[in-house]
Amino acid sequence: MAQKRVVLEEGILKSNDLLAQKVREDLRRRRILVTNLLSSPGAGKTALLEALAQNLGPQMAVIVGDVQTRRDAERLERHGIQAVQIVTGGTCHLEARMVLRALEELQGTPRYLFIENVGNLVCPAGFDLGEQQRWVLLSTPEGDDKPLKYPEAFLTSHVLVITKMDLVPHVPFDVDQAEAYARSLNPRLRIFHTSVITGEGLEALLAHLEHTYRSLFPDA
Ligand code: MG
Ligand code: ZN
């Protein structure tokens, strides 16, 4: 029985990888940089996207995964950007087939497409969505030991965004310790410190996006 289940899960992952490849090729052809955002619930994915939207405007669009509601998509639309909602109906992660379906609804050609994954640091890490880069968010109230508890999310990401830096004086979060844990898993991780309250780190993150875009599409 256990054997059969393992085979089944391998099959799901394999077909997911094929669809992810399709997403990646399609978006590369359309010169859209796709970023997959992973974090626990409440780490500030939507808030960070709202802050980026204020700078990027309609150059950016978001595919939002949520278990039950359209709330986050509505928050993002208030900033004048496109937000395509995927309601997973209970599933705790996004899969490439859901992104493929959402792409049919995407209008025009934004430069930056963000996928806000379901708030969960466990299984979203195991599903390639066809993104060109993956960001993991860690908010300071969550504690600096999260990288050790959820290694896969940090191992598979290109960027770590430490959010809610404005709360550092009030919470037991050691920034250096968090970075050391994350780097022990993934030495190549780029790390940014941000706060949407003070605006800390947002310019650096925007510069990183622009740089990534230009290295991916040098002739754009
Ligand atoms: Mg959200
Ligand atoms: Zn899941």
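The values are calculated or read from the model by the stated rules, or taken from the named source; none is laboratory data. No experiment lies behind these values; they were computed from the predicted model shown. Cβ coordinates were reconstructed from backbone atoms using ideal geometry, including for glycine residues, and neighbour counts include every protein chain displayed. Just the protein is used for accessible areas: all its heavy atoms, side chains included, with ligands, DNA and RNA removed. Shrake-Rupley method; radii C 1.70, N 1.55, O 1.52, S 1.80 Å.
Side notes on the structure shown:
- Stokes-Einstein D for the chain, Kirkwood Rh over Cα pairs, 25 °C, 0.890 mPa s (µm²/s): 138 µm²/s
- For a label point 7 Å along the Cα-to-beta-carbon line of residue 70, residues of segment 106-135 with backbone N under 17 Å: 106-107
- Heavy-atom accessible surface of segment 32-216, averaged per residue, reaches 42 Å², computed with a 1.4 Å probe.
- Segment 41-159, accessible surface, carbon-and-sulfur percent (1.4 angstrom probe): 47 percent
- For residue 85, the residues 5 or more places off, or on other chains, whose built amide H falls under 5 Å of its own are 64.
- Bridge orientation summary for the chain: considering DSSP beta bridges with both residues in this region, about 0 percent are antiparallel.
- In nm, spacing of pseudo-spin labels at residue 100 and residue 220 (7 Å Cα→C-beta vector): 2.3 nm
- Solvent-accessible area of residue 112, all protein chains in place: 10 Å² (probe radius 1.4 Å, heavy atoms, ligands and nucleic acids excluded).
- Fully extended contour minus Cα-Cα distance, from residue 211 to residue 107, at 0.36 nm per residue: 35.0 nm
- Mean separation of Cα pairs under 8 Å and 6 or more residues apart, divided by the residue count, gives the chain a relative contact order of 23 percent.
- On the principal axes of its alpha-carbon atoms, segment 130-218 has extents of 43, 30, 19 Å, going from largest to smallest.
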